[in-house]
Amino acid sequence: MKAVCVHEWCDPQGLVIEEVERPEPVGSEVLIRVHVAALNFPDILLIAGKYQLKPPFPFTPGLEVAGTIEKVGAQVTEFEPGQRVLAQTALGGFAEYTVAPAIAVQSLPDSMSDDEAAAFPLVYQTSYFGLVHRCRLQRGETILVHSAAGGVGLAAVQIARALGAGKIIGTAGSDEKLDLIRENGADIAINYRTEDFVETVKRATDGRGADVIYDPVGGETGERSTKCIAFEGRLLLIGFTGGRFSNFVSNHILIKNYSVVGLHWGAYRQHNPAKITEAWRELWQLYEAGHLKPVIGGRYPMDEVADAMDFLASRKAVGKIVLHW
Ligand SMILES: NC(=O)c1ccc[n+]([C@@H]2O[C@H](COP(=O)([O-])OP(=O)(O)OC[C@H]3O[C@@H](n4cnc5c(N)ncnc54)[C@H](OP(=O)(O)O)[C@@H]3O)[C@@H](O)[C@H]2O)c1
């Protein structure tokens, strides 16, 4: 089978597609014939050796796929060959076939396309965990979402709207992204390059600030967010696309009574997988009710995976980029 391979830390143009041996599912694993895989910002960090996970070489990146079950391991009873599924793969998604533990696989409703299915798991699971489990977002609360036109950001906006958030404010780095943010449920969309998000959030909340701030950017964005967070607000750390961590001032956190909350979604696989299953039940309900709709911002053939990654890194992409075999 063909697979995208990494032999040394590289930028996207260093990726190669090679013939490798097809994996076999064992025990509680399933083998999936991959139709579509989705790209995530962590893929770019991972191949460059800048992610917390550093797999041994050679490895195949790819965190989420949609396809059909090809074969099941001896202990699998809930899936059978031919079934349409999505799956979260710790690695290995950018291949013609991939194995995943059955617990990381979901069967698909007929209404969901392969593109939507591949684009669904990571960003909606992450944003749901962040908003519901870690930040306890309440109905009527104001939320500020940074990078709101990106993968995790758009998912956060849609989930916040579905959960009855009050005011939803999104930021992005270009005017082209602002309409999309509003179309997906935000009341206010800010181009942070031309407008001061701190002032706009304060104005929109009569000086109170946002109850929840969702931050995939880090650095100065996280630091400045503490200037417009509400009393008992929660500042959720999702990632560091900006390239550096934020430095928070501990006495400011104390004096203003807010919390800085971390989320590493992948850690729940090890520490509390039941919570992931619970989140799936809620996410499917929200999807079936029409509240969640993955936005596909680009489709590439798998042999153009490097260009797809460069496009995501260029900051021009919106929503999710998908890769087709
Ligand atoms: N904590 C978790 O469990 C978890 C799970 C999944 C993803 N993540 C993290 O969430 C973050 C976003 O991931 P994603 O896949 O949804 O990516 P994305 O938001 O779709 O794409 C990246 C966006 O980040 C913004 N950005 C700001 N500074 C940037 C810079 N210096 N270089 C490139 N982009 C920059 C850009 O939007 P603007 O130009 O509009 O600002 C860009 O479009 C990543 O850090 C990822 O590692 C965390």
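The peptide list 62-73, 133-144, 262-273, 190-201, put in order of mean Cβ contacts within 10 Å with the highest first, becomes 62-73, 133-144, 190-201, 262-273. Between Y300 and V322, L323, H324, the built amide H atoms are under 5 Å apart, and every one of these is 5 or more places off in sequence or on another chain.
Around the amide H of I17, modelled in the peptide plane, lie the amide H atoms of C5, all under 5 Å away and 5 or more residues distant in sequence or on another chain.
For the stretch 221-257, trypsin sites (Lys or Arg not before Pro) meeting the loop criterion (DSSP other than H, G, I, E, B) and having at most 16 other Cβ atoms within 10 Å: R244, K256. Which chymotrypsin sites (Phe, Trp or Tyr not before Pro) does the stretch 1-76 hold that lie in a coil by DSSP with at most 15 other beta carbons within 10 Å? Counting only loop positions with at most 15 other Cβ atoms within 10 Å, the chymotrypsin sites (Phe, Trp or Tyr not before Pro) in the stretch 1-76 are W9, Y51. Computed across the stretch 96-228, the Kirkwood hydrodynamic radius from all distinct Cα-Cα pairs reaches 15.6 Å.
Using the Karplus relation 6.51 cos²θ - 1.76 cosθ + 1.60 with θ = phi - 60°, the per-residue 3J(HN,Hα) values for the stretch 145-152 come to 10, 7, 6, 6, 9, x, x, 5 Hz, with x marking Gly and Pro. Please grab the % of Cα pairs in the chain that end up more than 28 Å from each other. For the chain, the fraction of Cα-Cα distances above 28 Å is 39 percent. Bridgeable lysines around K177 (alpha carbons under 16 Å apart, same-chain partners fewer than 8 residues away excluded): K316, K320.
Computed per residue of the chain from DSSP H runs no shorter than four, each worth -39500 (n - 2.57), the mean residue ellipticity at 222 nm is -7500 deg cm²/dmol.
Taking amide H as placed 1.01 Å from N in the peptide plane, the amide H of V261 sits under 5 Å from that of L235, L236, L237, each at least 5 places away or on another chain. Take the alpha carbon gyration tensor of the stretch 213-310, find the square roots of its eigenvalues, order them as a ≥ b ≥ c, and report rounded if a/c is under 1.5; if not, report prolate when a/b exceeds b/c, else oblate. Oblate, since a/c reaches 1.5 and b/c is not below a/b.
Summing +1 for each Lys or Arg and -1 for each Asp or Glu among the other residues whose beta-carbon sits under 12 angstrom from that of R281 gives -2.
Computed from the coordinates by the stated procedures, all read-outs in this text should not be read as laboratory data. Since we're looking at a predicted model, the values are computed, not measured. Methodologically, a virtual Cβ is constructed for each residue, glycine included, from the backbone with ideal geometry; neighbour enumeration extends over all protein chains shown.
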